[in-house]
Amino acid sequence: MGSPDIAILGTGSYAPEKIVTNDDLSQRVDTSDEWIFSRTGIRERRIAGENETTSMMAAAAARHALASAGVTAADIDLVIVATMTPDLPMPATACFVQHLLGVPLNTACFDLNAACSGFIYALDTAWAMLASGRYKHALVIGAEKMSTVLNWKDRTTCVLFGDGAGAIVLGPARGTAKILGTRLYADGAHTDLLCVPGGGSNVPDPSADPSGPQRHMTMKGREIFKVAVREMEDAAREILAQHGLVAAQIACVIPHQANQRIIDTLAQYLKLPADRFFVNLHRYGNTSAASIPLALDEARRAGRVKAGDTTLLVAFGAGLTYGSALVRW
Ligand SMILES: CC(C)(COP(=O)(O)OP(=O)(O)OC[C@H]1O[C@@H](n2cnc3c(N)ncnc32)[C@H](O)[C@@H]1OP(=O)(O)O)[C@@H](O)C(=O)NCCC(=O)NCCS
(Lines give C-alpha, C1' and ligand atoms only; values in the text may rest on other atoms or scores of the structure.)
Protein backbone atom coordinates (compact mmCIF):
# COMPACT_ATOMS: atom_id res chain seq x y z
CA MET A 1 0.00 0.00 0.00
CA GLY A 2 1.40 3.47 -0.91
CA SER A 3 1.66 6.43 1.47
CA PRO A 4 -1.57 8.28 2.17
CA ASP A 5 -2.06 11.61 0.38
CA ILE A 6 -1.50 14.56 2.73
CA ALA A 7 -3.01 18.01 2.16
CA ILE A 8 -3.07 21.49 3.61
CA LEU A 9 -6.47 21.50 5.34
CA GLY A 10 -6.36 25.07 6.61
CA THR A 11 -4.18 28.18 6.92
CA GLY A 12 -3.92 31.03 9.42
CA SER A 13 -1.73 33.99 10.20
CA TYR A 14 -1.07 36.62 12.80
CA ALA A 15 0.68 39.98 12.63
CA PRO A 16 1.35 42.17 15.69
CA GLU A 17 -0.67 45.37 15.95
CA LYS A 18 2.20 47.85 15.91
CA ILE A 19 3.07 49.16 12.45
CA VAL A 20 6.50 50.73 11.93
CA THR A 21 6.75 52.62 8.66
CA ASN A 22 9.88 53.48 6.70
CA ASP A 23 9.40 57.09 7.79
CA ASP A 24 9.35 55.95 11.43
CA LEU A 25 12.68 54.18 10.84
CA SER A 26 14.17 57.28 9.26
CA GLN A 27 13.78 58.93 12.70
CA ARG A 28 16.06 56.27 14.19
CA VAL A 29 18.71 55.63 11.50
CA ASP A 30 20.01 57.50 8.47
CA THR A 31 17.60 56.15 5.87
CA SER A 32 14.50 57.15 3.92
CA ASP A 33 11.26 55.69 2.60
CA GLU A 34 12.58 56.27 -0.91
CA TRP A 35 15.79 54.26 -0.29
CA ILE A 36 14.07 51.36 1.46
CA PHE A 37 11.14 51.10 -0.97
CA SER A 38 13.21 51.39 -4.13
CA ARG A 39 15.80 48.81 -2.93
CA THR A 40 13.40 46.33 -1.29
CA GLY A 41 9.70 47.07 -1.97
CA ILE A 42 9.07 47.33 1.78
CA ARG A 43 6.85 50.17 3.07
CA GLU A 44 6.21 49.04 6.64
CA ARG A 45 6.61 46.11 9.02
CA ARG A 46 4.93 44.87 12.21
CA ILE A 47 6.82 44.83 15.49
CA ALA A 48 5.70 42.64 18.39
CA GLY A 49 5.02 44.09 21.83
CA GLU A 50 7.73 43.70 24.46
CA ASN A 51 5.81 40.94 26.22
CA GLU A 52 4.51 39.31 23.07
CA THR A 53 6.50 36.12 22.50
CA THR A 54 7.14 34.04 19.39
CA SER A 55 4.95 31.29 20.88
CA MET A 56 2.04 33.70 21.42
CA MET A 57 2.19 34.80 17.78
CA ALA A 58 2.53 31.16 16.68
CA ALA A 59 -0.49 30.13 18.75
CA ALA A 60 -2.59 33.00 17.38
CA ALA A 61 -1.80 31.96 13.78
CA ALA A 62 -2.43 28.30 14.66
CA ARG A 63 -5.90 29.08 16.09
CA HIS A 64 -6.89 30.61 12.74
CA ALA A 65 -5.44 27.63 10.86
CA LEU A 66 -7.38 25.18 13.05
CA ALA A 67 -10.62 27.09 12.47
CA SER A 68 -10.01 27.24 8.73
CA ALA A 69 -9.31 23.47 8.64
CA GLY A 70 -12.33 22.60 10.77
CA VAL A 71 -10.02 20.68 13.09
CA THR A 72 -9.69 21.13 16.87
CA ALA A 73 -6.56 21.25 19.04
CA ALA A 74 -7.58 17.80 20.33
CA ASP A 75 -7.10 16.35 16.82
CA ILE A 76 -3.44 17.49 16.58
CA ASP A 77 -0.66 14.98 17.24
CA LEU A 78 2.33 16.87 15.79
CA VAL A 79 3.44 20.50 16.27
CA ILE A 80 6.49 21.86 14.47
CA VAL A 81 7.50 25.49 14.91
CA ALA A 82 9.99 26.79 12.37
CA THR A 83 11.80 29.69 14.00
CA MET A 84 15.21 31.26 14.49
CA THR A 85 13.86 33.46 17.30
CA PRO A 86 12.52 30.92 19.84
CA ASP A 87 11.08 32.13 23.15
CA LEU A 88 14.08 30.54 24.92
CA PRO A 89 17.08 28.43 23.81
CA MET A 90 15.16 25.62 25.51
CA PRO A 91 12.55 24.26 25.88
CA ALA A 92 11.16 24.30 22.37
CA THR A 93 8.73 27.03 21.39
CA ALA A 94 6.45 24.25 20.10
CA CYS A 95 5.91 23.09 23.71
CA PHE A 96 4.75 26.59 24.70
CA VAL A 97 2.41 26.57 21.69
CA GLN A 98 1.06 23.13 22.63
CA HIS A 99 0.23 24.40 26.12
CA LEU A 100 -1.33 27.64 24.87
CA LEU A 101 -3.60 25.74 22.47
CA GLY A 102 -4.43 22.77 24.72
CA VAL A 103 -3.01 20.25 22.27
CA PRO A 104 -3.03 16.72 23.83
CA LEU A 105 -0.02 15.22 25.59
CA ASN A 106 0.53 12.38 23.10
CA THR A 107 1.80 14.94 20.59
CA ALA A 108 5.31 15.33 19.18
CA CYS A 109 6.36 18.98 19.62
CA PHE A 110 9.64 20.42 18.42
CA ASP A 111 11.27 23.45 16.80
CA LEU A 112 13.17 23.50 13.57
CA ASN A 113 15.70 26.12 12.54
CA ALA A 114 16.38 26.58 8.85
CA ALA A 115 16.13 30.38 9.12
CA CYS A 116 14.00 31.88 6.31
CA SER A 117 13.60 28.45 4.65
CA GLY A 118 12.28 27.05 7.93
CA PHE A 119 8.67 26.71 6.85
CA ILE A 120 9.56 24.63 3.76
CA TYR A 121 11.81 22.42 5.91
CA ALA A 122 9.01 22.00 8.49
CA LEU A 123 6.46 21.24 5.78
CA ASP A 124 8.75 18.55 4.34
CA THR A 125 9.31 17.04 7.80
CA ALA A 126 5.64 17.05 8.82
CA TRP A 127 4.57 15.67 5.44
CA ALA A 128 6.99 12.74 5.81
CA MET A 129 5.82 12.05 9.36
CA LEU A 130 2.15 12.08 8.31
CA ALA A 131 2.82 10.03 5.18
CA SER A 132 4.38 7.36 7.42
CA GLY A 133 0.89 6.85 8.84
CA ARG A 134 2.13 7.37 12.41
CA TYR A 135 0.71 10.91 12.80
CA LYS A 136 -2.61 12.24 11.58
CA HIS A 137 -2.88 16.03 11.95
CA ALA A 138 0.07 18.41 12.15
CA LEU A 139 0.31 22.07 12.97
CA VAL A 140 3.19 23.46 10.92
CA ILE A 141 4.00 26.99 12.03
CA GLY A 142 6.52 29.64 11.02
CA ALA A 143 6.85 32.31 13.71
CA GLU A 144 9.46 34.98 14.32
CA LYS A 145 10.20 37.88 16.62
CA MET A 146 12.95 39.20 14.35
CA SER A 147 12.92 42.55 16.18
CA THR A 148 14.85 40.86 19.03
CA VAL A 149 17.88 39.94 16.86
CA LEU A 150 18.09 43.17 14.89
CA ASN A 151 20.61 45.88 15.58
CA TRP A 152 18.34 48.92 15.53
CA LYS A 153 21.36 51.14 14.88
CA ASP A 154 22.37 49.26 11.71
CA ARG A 155 20.45 50.70 8.75
CA THR A 156 21.70 47.94 6.44
CA THR A 157 19.68 45.26 8.28
CA CYS A 158 17.05 46.76 10.60
CA VAL A 159 14.95 48.13 7.72
CA LEU A 160 14.49 44.68 6.15
CA PHE A 161 12.76 42.52 8.76
CA GLY A 162 9.53 42.27 10.73
CA ASP A 163 7.65 40.08 13.23
CA GLY A 164 4.73 37.73 12.62
CA ALA A 165 3.49 34.17 12.27
CA GLY A 166 1.76 31.88 9.80
CA ALA A 167 0.43 28.35 10.24
CA ILE A 168 -1.11 25.47 8.35
CA VAL A 169 -2.90 22.30 9.38
CA LEU A 170 -1.69 19.26 7.46
CA GLY A 171 -3.82 16.13 7.42
CA PRO A 172 -5.38 13.37 5.34
CA ALA A 173 -6.28 14.66 1.86
CA ARG A 174 -9.92 15.42 1.12
CA GLY A 175 -10.81 15.67 -2.59
CA THR A 176 -8.09 16.77 -5.02
CA ALA A 177 -5.89 18.74 -2.62
CA LYS A 178 -2.51 17.26 -1.72
CA ILE A 179 1.17 18.02 -1.27
CA LEU A 180 2.83 16.98 -4.54
CA GLY A 181 6.43 17.31 -3.45
CA THR A 182 9.15 19.19 -1.59
CA ARG A 183 12.87 19.72 -2.16
CA LEU A 184 15.36 20.89 0.44
CA TYR A 185 18.88 22.17 -0.06
CA ALA A 186 21.72 23.63 2.01
CA ASP A 187 25.12 25.13 1.29
CA GLY A 188 27.08 25.29 4.52
CA ALA A 189 30.04 26.94 2.79
CA HIS A 190 28.21 30.26 3.20
CA THR A 191 27.23 30.33 6.86
CA ASP A 192 29.00 33.70 7.17
CA LEU A 193 26.73 35.58 4.74
CA LEU A 194 23.85 35.84 7.18
CA CYS A 195 24.12 34.95 10.84
CA VAL A 196 23.65 35.87 14.47
CA PRO A 197 27.21 35.39 15.73
CA GLY A 198 26.53 35.27 19.49
CA GLY A 199 24.20 33.56 21.91
CA GLY A 200 25.03 29.98 20.93
CA SER A 201 27.68 27.69 22.41
CA ASN A 202 30.39 29.32 20.29
CA VAL A 203 29.87 32.76 21.88
CA PRO A 204 27.66 31.91 24.86
CA ASP A 205 27.69 35.38 26.43
CA PRO A 206 27.64 37.92 23.62
CA SER A 207 27.60 40.87 26.03
CA ALA A 208 31.05 39.76 27.27
CA ASP A 209 32.50 40.21 23.83
CA PRO A 210 34.25 43.60 23.64
CA SER A 211 34.19 43.74 19.83
CA GLY A 212 30.48 44.38 19.52
CA PRO A 213 26.89 43.30 19.95
CA GLN A 214 27.23 39.75 18.63
CA ARG A 215 23.68 38.85 19.45
CA HIS A 216 22.55 40.90 16.46
CA MET A 217 22.11 39.65 12.93
CA THR A 218 24.88 40.44 10.47
CA MET A 219 24.46 40.19 6.71
CA LYS A 220 26.41 40.58 3.48
CA GLY A 221 23.47 41.92 1.52
CA ARG A 222 24.91 42.05 -2.01
CA GLU A 223 26.26 38.49 -1.88
CA ILE A 224 23.00 37.19 -0.41
CA PHE A 225 21.04 38.87 -3.20
CA LYS A 226 23.03 37.09 -5.90
CA VAL A 227 22.90 33.61 -4.40
CA ALA A 228 19.26 33.98 -3.38
CA VAL A 229 18.10 34.49 -6.93
CA ARG A 230 20.17 31.58 -8.23
CA GLU A 231 19.09 29.22 -5.45
CA MET A 232 15.40 30.05 -5.74
CA GLU A 233 15.53 29.54 -9.47
CA ASP A 234 17.24 26.13 -9.03
CA ALA A 235 14.79 25.05 -6.33
CA ALA A 236 11.84 26.07 -8.54
CA ARG A 237 13.12 24.53 -11.77
CA GLU A 238 14.17 21.26 -10.20
CA ILE A 239 10.87 20.60 -8.43
CA LEU A 240 8.91 21.48 -11.57
CA ALA A 241 11.05 19.11 -13.66
CA GLN A 242 10.71 16.36 -11.06
CA HIS A 243 6.92 16.56 -11.37
CA GLY A 244 6.83 16.95 -15.14
CA LEU A 245 5.49 20.51 -14.89
CA VAL A 246 6.51 23.78 -16.52
CA ALA A 247 6.37 27.15 -14.79
CA ALA A 248 3.42 28.30 -16.91
CA GLN A 249 1.27 25.60 -15.24
CA ILE A 250 1.73 27.21 -11.81
CA ALA A 251 -1.30 29.32 -10.92
CA CYS A 252 0.41 31.16 -8.09
CA VAL A 253 3.96 31.32 -6.75
CA ILE A 254 4.41 32.13 -3.07
CA PRO A 255 8.04 33.13 -2.70
CA HIS A 256 9.90 33.96 0.49
CA GLN A 257 9.09 37.64 1.05
CA ALA A 258 12.57 39.14 1.38
CA ASN A 259 12.87 41.67 -1.41
CA GLN A 260 10.71 42.74 -4.37
CA ARG A 261 13.77 42.93 -6.63
CA ILE A 262 14.70 39.32 -5.85
CA ILE A 263 11.12 38.25 -6.66
CA ASP A 264 11.07 40.28 -9.89
CA THR A 265 14.38 38.75 -11.00
CA LEU A 266 13.08 35.26 -10.22
CA ALA A 267 9.95 35.99 -12.26
CA GLN A 268 12.13 37.02 -15.21
CA TYR A 269 14.30 33.91 -14.94
CA LEU A 270 11.24 31.63 -14.77
CA LYS A 271 9.61 33.65 -17.60
CA LEU A 272 6.49 34.22 -15.54
CA PRO A 273 4.48 37.44 -15.36
CA ALA A 274 4.95 39.36 -12.10
CA ASP A 275 1.26 38.98 -11.25
CA ARG A 276 1.72 35.21 -10.93
CA PHE A 277 3.63 35.92 -7.68
CA PHE A 278 1.80 36.69 -4.45
CA VAL A 279 3.60 39.46 -2.60
CA ASN A 280 2.80 41.08 0.74
CA LEU A 281 6.29 42.14 1.79
CA HIS A 282 5.44 45.82 1.36
CA ARG A 283 3.32 45.46 4.53
CA TYR A 284 5.42 43.04 6.59
CA GLY A 285 9.04 43.13 5.45
CA ASN A 286 10.94 39.87 5.77
CA THR A 287 9.39 37.79 8.56
CA SER A 288 11.83 34.90 7.99
CA ALA A 289 10.18 31.51 8.64
CA ALA A 290 6.77 33.20 8.98
CA SER A 291 6.93 34.80 5.55
CA ILE A 292 5.61 31.96 3.34
CA PRO A 293 2.77 30.75 5.61
CA LEU A 294 1.72 34.37 6.25
CA ALA A 295 1.65 35.03 2.50
CA LEU A 296 -0.05 31.70 1.80
CA ASP A 297 -2.84 32.50 4.23
CA GLU A 298 -3.38 35.96 2.72
CA ALA A 299 -3.24 34.52 -0.82
CA ARG A 300 -5.91 31.95 0.06
CA ARG A 301 -8.12 34.57 1.63
CA ALA A 302 -7.63 36.85 -1.40
CA GLY A 303 -8.91 34.05 -3.67
CA ARG A 304 -5.49 33.49 -5.30
CA VAL A 305 -5.59 29.76 -4.56
CA LYS A 306 -8.45 27.79 -6.11
CA ALA A 307 -9.43 24.10 -6.12
CA GLY A 308 -7.36 22.25 -8.71
CA ASP A 309 -4.63 24.94 -8.81
CA THR A 310 -0.97 24.11 -8.30
CA THR A 311 0.98 26.50 -6.08
CA LEU A 312 4.76 26.72 -5.90
CA LEU A 313 6.37 27.73 -2.61
CA VAL A 314 10.03 28.70 -2.80
CA ALA A 315 12.39 29.99 -0.12
CA PHE A 316 15.99 30.78 0.73
CA GLY A 317 17.68 31.82 3.93
CA ALA A 318 20.67 31.70 6.24
CA GLY A 319 22.65 28.50 6.20
CA LEU A 320 22.47 28.96 3.35
CA THR A 321 19.31 26.90 3.11
CA TYR A 322 16.80 26.87 0.30
CA GLY A 323 13.89 24.77 -0.84
CA SER A 324 10.62 24.46 -2.68
CA ALA A 325 7.25 22.76 -2.44
CA LEU A 326 4.42 22.04 -4.86
CA VAL A 327 0.90 22.08 -3.46
CA ARG A 328 -2.25 21.03 -5.31
CA TRP A 329 -5.55 22.46 -4.00
C1 LIG B 1 20.29 44.87 1.50
C2 LIG B 1 20.06 45.43 0.08
C3 LIG B 1 18.66 45.99 0.00
C4 LIG B 1 21.07 46.53 -0.14
O5 LIG B 1 20.92 47.07 -1.45
P6 LIG B 1 22.20 47.36 -2.36
O7 LIG B 1 21.73 48.00 -3.58
O8 LIG B 1 22.95 46.05 -2.46
O9 LIG B 1 22.97 48.40 -1.50
P10 LIG B 1 24.46 48.33 -0.88
O11 LIG B 1 24.50 47.36 0.25
O12 LIG B 1 25.44 48.15 -1.99
O13 LIG B 1 24.56 49.78 -0.30
C14 LIG B 1 24.54 50.92 -1.13
C15 LIG B 1 24.66 52.14 -0.28
O16 LIG B 1 23.45 52.32 0.48
C17 LIG B 1 23.76 52.48 1.85
N18 LIG B 1 22.67 51.93 2.66
C19 LIG B 1 22.55 50.69 3.15
N20 LIG B 1 21.40 50.59 3.83
C21 LIG B 1 20.79 51.79 3.75
C22 LIG B 1 19.58 52.30 4.25
N23 LIG B 1 18.73 51.55 4.97
N24 LIG B 1 19.26 53.56 3.96
C25 LIG B 1 20.07 54.35 3.24
N26 LIG B 1 21.25 53.92 2.74
C27 LIG B 1 21.59 52.66 3.00
C28 LIG B 1 25.05 51.72 2.04
O29 LIG B 1 25.74 52.20 3.18
C30 LIG B 1 25.79 52.07 0.76
O31 LIG B 1 26.35 53.34 0.88
P32 LIG B 1 27.80 53.65 0.26
O33 LIG B 1 27.65 53.41 -1.21
O34 LIG B 1 28.01 55.05 0.63
O35 LIG B 1 28.73 52.67 0.91
C36 LIG B 1 20.24 44.32 -0.98
O37 LIG B 1 21.60 43.96 -1.09
C38 LIG B 1 19.44 43.09 -0.65
O39 LIG B 1 18.24 43.09 -0.67
N40 LIG B 1 20.11 41.97 -0.36
C41 LIG B 1 19.41 40.75 0.05
C42 LIG B 1 19.17 40.81 1.52
C43 LIG B 1 18.19 39.79 1.99
O44 LIG B 1 17.20 39.53 1.36
N45 LIG B 1 18.45 39.21 3.17
C46 LIG B 1 17.57 38.28 3.77
C47 LIG B 1 17.85 36.92 3.28
S48 LIG B 1 16.64 35.77 3.90
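The values are calculated or read from the model by the stated rules, or taken from the named source; none is laboratory data. In this text the structure is predicted, and so the values were computed from the model without any measurement. A quick note on method: Cβ atoms are made from the backbone with ideal geometry, for glycine too, and the neighbour counts reach across all protein chains shown. The accessibility values were calculated without ligands, DNA or RNA, using every heavy atom of the protein model including side chains. Shrake-Rupley method; radii C 1.70, N 1.55, O 1.52, S 1.80 Å.
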- Task: List, in the order given, every pair from 145/220; 18/226; 226/306; 271/306; 178/271; 153/220 whose Cα-Cα distance in the structure shown is over 28 Å.
- Result: 18/226; 226/306
- Task: Report the charge-dipole magnitude of the chain in Debye, nearest 20, computed about the Cα centre from +1 at each Lys and Arg Cβ and -1 at each Asp and Glu Cβ.
- Result: 800 debye
- Percent of beta bridges antiparallel (DSSP, the chain, rounded to nearest 5): 70 percent
- Item | Relative contact order (%) - criterion: Cα under 8 Å, at least six apart; region: the chain | 25 percent
- For segment 194-264, rounded, prolate or oblate, judged on the Cα gyration tensor with a ≥ b ≥ c (square roots of eigenvalues), a/c < 1.5 rounded, else prolate if a/b > b/c? prolate
- Note on segment 180-328, DSSP bridge orientation, antiparallel percent to nearest 5 equals 75 percent
- Which trypsin sites (Lys or Arg not before Pro) does segment 250-329 hold that lie in a coil by DSSP with at most 16 other beta carbons within 10 Å? 271, 306
- Query: Considering only DSSP beta bridges whose two residues both sit in segment 1-148, what percent are antiparallel, to the nearest 5?
  - Reply: 25 percent
- Message: For residue 269, project a label point 7 Å along Cα to C-beta. Then give me every residue of segment 218-234 with its amide nitrogen under 17 Å of that point.
- Response: 221-234
- Message: I'd like the trypsin sites (Lys or Arg not before Pro) in segment 123-198 restricted to DSSP loop residues with at most 12 other Cβ atoms within 10 Å, sorted by number.
- Response: 134, 153, 174
- Task: Could you do me a favour and compute the accessible area per residue for segment 207-329, 1.4 Å probe, result in Å²?
- Result: 40 Å²
- What's the longest bit of the chain with no exposed GluC sites (Glu not before Pro), using DSSP loop states and at most 13 other Cβ atoms within 10 Å as the test? 51-329
- Rounded accessible area per residue of segment 22-108, 1.4 Å, Å²: 48 Å²
- Task: Would you work out if the chain is rounded, prolate or oblate? Take a ≥ b ≥ c from the square roots of the eigenvalues of the alpha-carbon gyration tensor; rounded if a/c is under 1.5, else prolate when a/b is larger than b/c, oblate otherwise.
- Result: oblate
- Residues other than residue 303 with Cβ under 13 Å of its Cβ, Lys/Arg counted +1 and Asp/Glu -1, net out at +1
- Item | Calculated [θ] (222 nm, deg cm²/dmol) that DSSP helices of n ≥ 4 give over the chain, each run adding -39,500 (n - 2.57) | -9500 deg cm²/dmol
- Note on the structure: On the accessible surface of the chain, probed at 1.4 Å with all protein chains in place, carbon and sulfur together account for a percent value of 52 percent
- Query: Which value, in debye to the nearest 20, describes the size of the charge dipole of segment 6-175 about its Cα centre when Lys and Arg Cβ atoms bear +1, Asp and Glu Cβ atoms bear -1, and nothing else is charged?
  - Reply: 380 debye
- Length gained if residue 106 through residue 226 is fully extended, taking 0.36 nm per residue and subtracting the Cα-Cα distance, is 38.8 nm
- Difference of contour (0.36 nm per residue) and Cα-Cα distance, residue 17 to residue 245: 78.1 nm
